[in-house]
Amino acid sequence: MAQQSAAVVGGGIMGAGIAQVLARNGYDVAVREINEELAEEAEERIVSGNYGLDDAVEGGYLSEDEKDAVLERLTFTTDLDAATDGTDFVIEAVTEDLAIKGQVFRDLDEVTDDQPLYSNTSGFAVTSIANAVSDPSRVAVTHFFNPVAVMDMVEIVRAPETDEAVVERAEELVDELGKTRVTIDDDPGSYGFLANRCHAAMREEAQKIVDEGIATEEQVDKALEDGYNLPVGPFSLAGLGEEWD
């Protein structure tokens, strides 16, 4: 199979995780950040951050030679045109702000040709993002879960306008990465997709229990973790989310 390439726009927690997983699976990956300092931080995050390459070596999942090979497949740049040129697809992973994402996709529309454009948004409608692109059929969501190196699930979300080939390429990618996928239809009337909407309902009920004085946050987490085998309860998970931000 010919060498494949991808661009990841945004080198924060999610972007760095996605870039690392792609590079570990043979992709040449360009990570684009808005300035040199952030680009350097993205590289450091991939190498020595939580669930980074150093952790993978220490845990016996990668050898030092394999780590070096992964790093050779990664580049970091502030040039969006150079990052996306000739890539098979682009994954946007900037902060969860619709205005910022819209600007990123307008910029991508100017510098890319016809390759698929995916967003890692955890909840914005595909349609609201695709509106920034002259050809909305190129756009879908590939929602990876944090930490990307560990979590198996990826939600693929398509709008009515999304080309089926764009959806199929996303499904192929998730399979290539050895992850699990669900493909669902866009719902512009809600924030969040399948997993986040279910978790939001649980989190709301858990908060009611605490507000009514029935139990503490720690007790709710323990009940759900031990009673339903959740790896982490809703209040603990919310705390982790604050750390990731």
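The values are calculated or read from the model by the stated rules, or taken from the named source; none is laboratory data. Remember, it's a predicted structure, so these values are computed and weren't measured experimentally. Neighbour counts run over all protein chains shown; Cβ positions are idealised from the backbone, glycine included. Heads up: the accessible areas ignore ligands, DNA and RNA and are worked out on the full protein's heavy atoms, side chains in. Shrake-Rupley method; radii C 1.70, N 1.55, O 1.52, S 1.80 Å.
Look through the range 49-101, keep the residues that are within 19 Å of the chain's Cα centre (by Cα) and without any contact (Cβ under 8 Å) to a residue 24 or more places away in the chain, and return whichever of them is nearest to Met14 (Cα to Cα). Filtering first and then ranking leaves Asp97.
On the basis of being in contact (Cβ under 8 Å) with a residue 40 or more places away in the chain and out of contact with any Cys (no Cβ under 9 Å at 6 or more places or on another chain), does Leu173 make the cut? Criteria met by Leu173. Among residues of the range 165-191 being charged (D, E, K, R) and touching a Lys or Arg at 6+ places or on another chain (Cβ under 8 Å), the one that is most open to solvent (accessible area, probe 1.4 Å) is Asp185.
Yes or no: Pro160 surrounded by fewer than 21 Cβ atoms within 10 Å (Cβ to Cβ), part of a loop (DSSP other than H, G, I, E, B) and in contact (Cβ under 8 Å) with a residue 60 or more places away in the chain? Full working, then the answer.
Working: surrounded by fewer than 21 Cβ atoms within 10 Å (Cβ to Cβ): yes; part of a loop (DSSP other than H, G, I, E, B): yes; in contact (Cβ under 8 Å) with a residue 60 or more places away in the chain: no.
No; evaluated as a whole, the condition is false for this residue.
A single entry from Val148, Val141 fulfils the requirement of being assigned to a strand (DSSP E or B), among the hydrophobic types (A, V, I, L, M, F, W, C) and touching a helix residue (DSSP H, G or I) at 6+ places or on another chain (Cβ under 7 Å): Val141. Tell me yes or no: at least one residue of the range 94-110 is in contact with a strand residue (DSSP E or B) (Cβ under 6 Å, 6 or more places away or on another chain) and closer than 30 Å to Glu161 by Cβ. Within the range 94-110 (the criterion being in contact with a strand residue (DSSP E or B) (Cβ under 6 Å, 6 or more places away or on another chain) and closer than 30 Å to Glu161 by Cβ), the answer is yes, since at least one residue qualifies.
Considering every residue within the range 132-147, establish whether at least one is charged (D, E, K, R) and in contact with a strand residue (DSSP E or B) (Cβ under 8 Å, 6 or more places away or on another chain).
Of the residues in the range 132-147, the ones charged (D, E, K, R) are 135, 138.
Adding the requirement that they be in contact with a strand residue (DSSP E or B) (Cβ under 8 Å, 6 or more places away or on another chain) leaves 138.
Within the range 132-147, one or more residues are charged (D, E, K, R) and in contact with a strand residue (DSSP E or B) (Cβ under 8 Å, 6 or more places away or on another chain).
When the range 20-55 is filtered for residues that are out of contact with any Gly (no Cβ under 6 Å at 6 or more places or on another chain), under 23 Å from Lys101 (Cα atoms), open to solvent by less than 50 Å² (accessible area, probe 1.4 Å) and assigned to a helix (DSSP H, G or I), the ones remaining, listed by number, are Gln20, Val21, Leu22, Ala39. Of the helices (runs of 4 or more DSSP H) contained entirely in the range 56-135, those carrying at least 1 residues that are surrounded by fewer than 16 Cβ atoms within 10 Å (Cβ to Cβ) and among the hydrophobic types (A, V, I, L, M, F, W, C) fall at 64-72, 80-84, 98-111. From the list Leu237, Leu224, the lone residue that is at pLDDT 85 or above, open to solvent by less than 60 Å² (accessible area, probe 1.4 Å), part of a helix (DSSP H, G or I) and under 30 Å from Val157 (Cβ atoms) is Leu224.
In the range 203-218, the residues that are open to solvent by less than 90 Å² (accessible area, probe 1.4 Å) reach residues that are among the hydroxyl-bearing types (Ser, Thr, Tyr) with C-beta atoms within less than 8 angstrom, at least six apart or across chains, in these pairs: Val210/Thr216.
Matching residues to (1) among the hydrophobic types (A, V, I, L, M, F, W, C); (2) under 17 Å from Ala159 (Cβ atoms):
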{"residue": "Glu96", "(1), (2)": "no, no"}
{"residue": "Val104", "(1), (2)": "yes, no"}
{"residue": "Glu110", "(1), (2)": "no, no"}
{"residue": "Gly123", "(1), (2)": "no, yes"}
{"residue": "Val126", "(1), (2)": "yes, yes"}
{"residue": "Ile129", "(1), (2)": "yes, yes"}
{"residue": "Arg138", "(1), (2)": "no, yes"}
{"residue": "Asn146", "(1), (2)": "no, no"}
{"residue": "Ala149", "(1), (2)": "yes, no"}
